[in-house]
């Protein structure tokens, strides 16, 4: 499903954006889609923090409390490669949007053809994205999990414990094979790295890097072994540099 979040504090502008998006969707009847609207940036932030994932964000810039640029930075911290399209009455913020790596910067009033072109591009990106979900076999069930929602993975005796960004944990019992072998396709995801014989982490959820530990967004401290220290530092530095977080 192609899920779109639209955030604009102006009800009329929000309605016009939704109408344009729905008109685009009608031209692509084969798309399984869902559009969620937000009148406040903080409402969208709360939704993201609860673990909700969207495939595209359409954002206004001038909003009370949290503006669209700051909202974009928050989104980028969790999802550095998800498309963001800005739709605003203020062309002077285009340079700031460039710093967020926005897919497009569209000025109001909305031009349908311009927005539809941006939506076409975003949907092509969505269709060609790498594997986005994995199946985790728990104790009593099999769960489909969005890879980006996994914060870290821990080896606990014969169990592999997955901690998600909503603080939910899934415990998978390993009957055969090593901890590393149990992770399957996650080993090919560039932002998942091993810090210790018992831990793999998602770099998107790193809050701070210390001399021999990493603090995650949920304040969990993950050990870094000597064996992995130089690799962890190099990959983390490269990751935050690409995301524009290095100051």
Discussion item. Among the residues of region 104-121, are any modelled with pLDDT under 90 and either in contact with a helix residue (DSSP H, G or I) (Cβ under 6 Å, 6 or more places away or on another chain) or surrounded by fewer than 16 Cβ atoms within 10 Å (Cβ to Cβ) (or both)?
Written reply: no
Discussion item. Looking at 69, 17 in this structure, which one is over 24 Å from residue 149 (Cβ atoms), in contact with a strand residue (DSSP E or B) (Cβ under 9 Å, 6 or more places away or on another chain), without any contact (Cβ under 8 Å) to a residue 40 or more places away in the chain and surrounded by 15 or more Cβ atoms within 10 Å (Cβ to Cβ)?
Written reply: 69
Practice prompt. Looking only at region 157-164, decide whether some residue is surrounded by 13 or more Cβ atoms within 10 Å (Cβ to Cβ), not in a strand (DSSP E or B) and not assigned by TED's automatic domain parsing to the domain that holds residue 47.
Written response: no
Worksheet entry | Matching option when the condition is within 30 Å of residue 185 (Cβ to Cβ), in contact with a helix residue (DSSP H, G or I) (Cβ under 8 Å, 6 or more places away or on another chain) and at pLDDT below 90, among 96, 148 | 148
Worksheet item: Right, residue 98: buried (at least 18 other Cβ atoms within 10 Å of the Cβ) and under 20 Å from the mean Cα position of the chain (by Cα) or not?
Response: no
Item to complete: Taking the options 60, 55, 8, name whichever one is surrounded by 16 or more Cβ atoms within 10 Å (Cβ to Cβ), in contact with a helix residue (DSSP H, G or I) (Cβ under 6 Å, 6 or more places away or on another chain) and free of Cβ contacts under 8 Å to residues at least 60 places away in the same chain.
Response: 60
Discussion item. Among the residues in region 171-184, are any under 21 Å from residue 52 (Cβ atoms), surrounded by 14 or more Cβ atoms within 10 Å (Cβ to Cβ) and assigned by TED's automatic domain parsing to the domain that holds residue 231?
Written reply: no
Worksheet entry | Set 74, 45, 85: member being closer than 20 Å to residue 125 by Cβ and either surrounded by 15 or more Cβ atoms within 10 Å (Cβ to Cβ) or at pLDDT 90 or above (or both) | 85
Response to the item:
For region 193-212 the number of residues that are free of Cβ contacts under 8 Å to residues at least 40 places away in the same chain and either under 22 Å from residue 159 (Cβ atoms) or in a helix (DSSP H, G or I) (or both) is 4
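The values are calculated or read from the model by the stated rules, or taken from the named source; none is laboratory data. Because the structure is predicted, anything quoted here is derived from the model rather than measured. All Cβ positions, even for glycine, are placed from backbone atoms using ideal geometry, and neighbour counts span all protein chains on display.
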